[in-house]
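S.K.: Please read through the structure below; I'll follow up with questions.
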Amino acid sequence: MKRISLCVFAVTLFATQLKAQATKAPAYPLIDHNTYFSIWSFTDQLNASTTKHWTGKDQSLIGLIKVDGSVYRFMGKKAEGYHTIVPAADETAWQCKYTETQPPGDWKDLQYDDNSWKTGTAPFTDDGQQAKTLWASKDIWIRRTFTYANQDINKLVLKLYHDDNVEVYLNGDEVYSYVGWTSDYKYIPLKDKFKNRLKNGQNVLAIHCANTAGGSWLDVGLVDEVKEKASDILLAKQKSVEINATQTIYNFDCIGVDLKVTFTSPLLMDNLDLFSRPVSYISYQVKSNDGRNHNVKVFFSASTNIAVNTPSQEVNAQKYTSAGLSVLKAGTKAQPILQKKGDDLRIDWGYLYAAAPNSANVIQYITPQEDVLASFAANKFVSTAKDGRELALNTILNFAAVGPKPKEQFVELGYDDLYSAQYFSQNLMPWWKAGGKITIDQELKAAAGNYTSVMQQCDAFNKSMYAAALKAGGKHYADLCVLAYRQSISAHQLLKSPQGDILFLSKENFSNGSINTVDVTYPSAPLYLFYNPHLLEGMLNGIFHYCESPAWKNNFAAHDLGTYPLANGQTYGENMPVEESGNMIILTDAIAKAEGNADFAKKHWKTLTIWAAYLSNNGFDPGNQLCTDDFAGHLARNANLSIKAIVALGAYADLATRLGKRSVASQYHSLAVSLAGKWQGMDQAGDHYGLVFGNKDTWSQKYNLVWDKVLGLQLFPPAVAKTEINYYLTKQNTFGLPLDSRKTYTKSDWILWTAALADNQKDFQALIDPVYKYATETPTRVPLSDWHETTNGKMVGFQARSVVGGYFMKMLETKWVK
């Protein structure tokens, strides 16, 4: 009887864990498809902040529900609004006086004589493509004279883009100074006394900016922060939030009515047509919670800022019907297709779509963004704008009388980017367009028609993924995998090359903006090896194409294909020969293991052989070069990088075996085994192995060793990993195991790889629990950063990157090894 009770308890506990999923995150994914179409909530309460693009810029989604006569806000928050007083250059080109030589006298004063200074047009920058005035020196002084007419200012705000250190003066008074730089415009509220310094008539903004390192930029304006109007709109009470692999689900109490809001991005890797469809669902389920019937309307608003890089860009919007759907569409007037590249950028070409079935008695209209709340509260459901800046696409779903039985409706949010990337001078459409045969209207129609089926597929996948992760590593591990899933995928775009090959191109989010970086693909790989290795082929195909072309002259692998979204050849300033060559060989062997054949390797055997020869000569005791942890600087004799080279040589031998090349396999396997033995002697440091050969006072995570285990190469004895794991357990801090002995920061993807080296669940759990603590307690509220400080849990750098796909290494190890 006791045994039966224990079995029932165990089954109940597992079912509870399986249902629970993740409930806490640094930021919550809402709309996730690719690096440009990626919207998040940066707060635990969905209605506590404006929703944002992963870069942190406002991309407002507003959700309201009217229950009888009361209106509740359950999603988003009204974004800060500004009226221009003195425009910056992103709105209107402006001229000023400037000098690059230290000026004599009180150059800040309103009456200062600047006639001898040069005349220039903002922005001032060393970026030749964007500069109106080229600024390449160390310092610049500008005086911008403007005319002001007295007006009622609510809050005077400085709009400033500076790189680097800056001092700002208004009519001779210092209003702001900062040591450092920005990568975009910042809105800096000024003390109330400064709005009184504005004179009716002529005024001057005087600025000194010092370019201390890297690029330079200077632009400035003044705006008035719009005072928020009093509102009778109430806040819905959020009861819970749950994150699944493909969904984020919120539950609210709105006094008399329960509201369930589900964001679904159906990123199912077994169906690439569905996987690539750039359409998310926002589902609303309502039911009475007090036994009475209630009249219910739900309001959804999407800002056109989703379709711009900066809010100052003008947009066109329109309403139309198509195939049983009511549709709103918006995009920039300029449509600068693939004309920008870089990191902290949003898309400003293509079109945003909000659609809902006409059968739901849907109402749609377009307003300025600042009128969104008032229009719904006052029942003014009419379009008042079709072009301008910062508009809103508004949709109302009428649920009419709602009782205890749930009612459900949905809105689709989609994005047609027209062309996604430039690939060696050719603009490529996204995968879902099928070379131009499929339109976004057809995709919106298909998404609506298949809604029930897609939701069922997502539910089934959510459960199966969580069960597999739970079995592999426990609940904390499963929750981490849930947080990683959509983030990793949405840092890519799926395309087809002109040669007909699959391309799954990543962006190095918030690190340097590179496209298809090999050492970003490498840590991301486990997720795709587990669910669809063809997507990993899509990450390698472009690199192979480039390295096998006349454009690449080296006998080692390239680092990247360019700067996103332009994949025209490497733009990173320095090669990583051992790192990238080792990565490419290891991942090619992993694809062979996942697919059960070496057909992919066979196509590129000549190139793989060149890289293997390079590693044979240069990989074991690496010179002073960068590895994937380039933020830590150059390092000679890197023991972990040496492991990568050794494992890559073993992987090359494994591929040779699969291809029937016995002599090559024997030669390289013997070499790899020999070097593995030599490595142990050179790096032995007593109770651990060193960071570098020859220094026993150092240590590092040997995360590259995991591929020896996962690929079954058997180059290093298990005692090496056991020794390292035992040592790591003595070096942990509150929020994780440091990367190595140089700093206390870490990379969470590497910890998850290192933990997979453990030969028992207890040690694995001990290593991943602090990472779980970081993910659920970090004070840095952005899409999960993979580079954080182990002492306080704060982000050091990087966010929203694909490398968290590496969290799936334990699942891969469980599938392939156990």
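S.K.: Kindly indicate which of 692, 664 is under 34 Å from the mean Cα position of the chain (by Cα) and either on the phi < 0 side of the Ramachandran plot or in contact (Cβ under 8 Å) with a residue 60 or more places away in the chain (or both).
M.R.: Result of the check over 692, 664: 692.
S.K.: I've got another one for you. Grab the strands (runs of 3 or more DSSP E) fully contained in the stretch 390-467, keeping just those with 2 or more residues being of a type outside the set (Val, Ile, Thr) and open to solvent by less than 40 Å² (accessible area, probe 1.4 Å).
M.R.: Passing ranges, in order: 391-402, 407-416, 421-423.
S.K.: Same structure, new question: Might you check whether a residue that is assigned to a loop (DSSP other than H, G, I, E, B) and more than 18 Å from the chain's Cα centre (by Cα) occurs anywhere in the stretch 526-535?
M.R.: Within the stretch 526-535, one or more residues are assigned to a loop (DSSP other than H, G, I, E, B) and more than 18 Å from the chain's Cα centre (by Cα).
S.K.: Just a yes or no: is a residue in the stretch 138-150 modelled with pLDDT under 95, open to solvent by less than 20 Å² (accessible area, probe 1.4 Å) and on the phi < 0 side of the Ramachandran plot?
M.R.: no
S.K.: Still on this structure: Can you tell me which residue in the stretch 481-513 is surrounded by the fewest Cβ atoms within 10 Å (Cβ to Cβ), limited to those that are over 13 Å from the mean Cα position of the chain (by Cα) and polar (S, T, N, Q)?
M.R.: Ranking the candidates gives 499 first.
S.K.: Can you pull out the residues in the stretch 760-775 that are touching a strand residue (DSSP E or B) at 6+ places or on another chain (Cβ under 9 Å) and charged (D, E, K, R)?
M.R.: Result: 773, single match.
S.K.: Quick one: in the stretch 607-661, of everything that is surrounded by fewer than 22 Cβ atoms within 10 Å (Cβ to Cβ) and hydroxyl-bearing (Ser, Thr, Tyr), which residue is farthest from the chain's Cα centre (by Cα)?
M.R.: Looking at residues that are surrounded by fewer than 22 Cβ atoms within 10 Å (Cβ to Cβ) and hydroxyl-bearing (Ser, Thr, Tyr), I get 657.
S.K.: Next up: Of the numbered conditions (1) aliphatic (A, V, I, L, M); (2) surrounded by fewer than 18 Cβ atoms within 10 Å (Cβ to Cβ); (3) in contact (Cβ under 8 Å) with a residue 12 or more places away in the chain, residue 134 satisfies every one except a single condition; which is it?
M.R.: All conditions pass for residue 134, except number (3).
S.K.: Would you mind stating whether residue 521 is hydroxyl-bearing (Ser, Thr, Tyr), at pLDDT 95 or above and open to solvent by less than 10 Å² (accessible area, probe 1.4 Å)?
M.R.: Criteria met by residue 521.
S.K.: So the check is Cβ under 7 Å with 6+ separation or different chains; which pairs have a first residue in the stretch 512-533 that's in contact (Cβ under 8 Å) with a residue 12 or more places away in the chain and farther than 22 Å from residue 710 by Cβ and a second one that's of a type in the set (S, T, N, Q) and open to solvent by 10 Å² or more (accessible area, probe 1.4 Å)?
M.R.: These pairs meet every condition: 513/563; 514/563; 514/571; 515/563.
S.K.: Also, I was wondering about something else. Which ones in the stretch 40-65 are outside any loop (DSSP other than H, G, I, E, B) and open to solvent by 20 Å² or more (accessible area, probe 1.4 Å)?
M.R.: Matches in the stretch 40-65: 52, 58.
S.K.: Only one of these is open to solvent by less than 30 Å² (accessible area, probe 1.4 Å), under 19 Å from the mean Cα position of the chain (by Cα) and not small (Gly, Ala, Ser): 783, 779. Name it.
M.R.: 783
S.K.: Of all residues in the stretch 347-383, which are without any contact (Cβ under 8 Å) to a residue 24 or more places away in the chain and crowded, with 20+ Cβ neighbours inside 10 Å?
M.R.: Answer for the stretch 347-383, where residues must be without any contact (Cβ under 8 Å) to a residue 24 or more places away in the chain and crowded, with 20+ Cβ neighbours inside 10 Å: just 375.
S.K.: Based on this model, can you work out whether residue 204 counts as closer than 23 Å to residue 410 by Cβ, touching a residue at least 60 places away in the same chain (Cβ under 8 Å) and crowded, with 18+ Cβ neighbours inside 10 Å?
M.R.: no
The values are calculated or read from the model by the stated rules, or taken from the named source; none is laboratory data. Note that the structure is a prediction, hence the values are computed from the model and not measured. A quick note on method: Cβ atoms are made from the backbone with ideal geometry, for glycine too, and the neighbour counts reach across all protein chains shown. Each accessible area value is taken on the protein alone, full model and side chains, heavy atoms only, with ligands, DNA and RNA left out. Shrake-Rupley method; radii C 1.70, N 1.55, O 1.52, S 1.80 Å.
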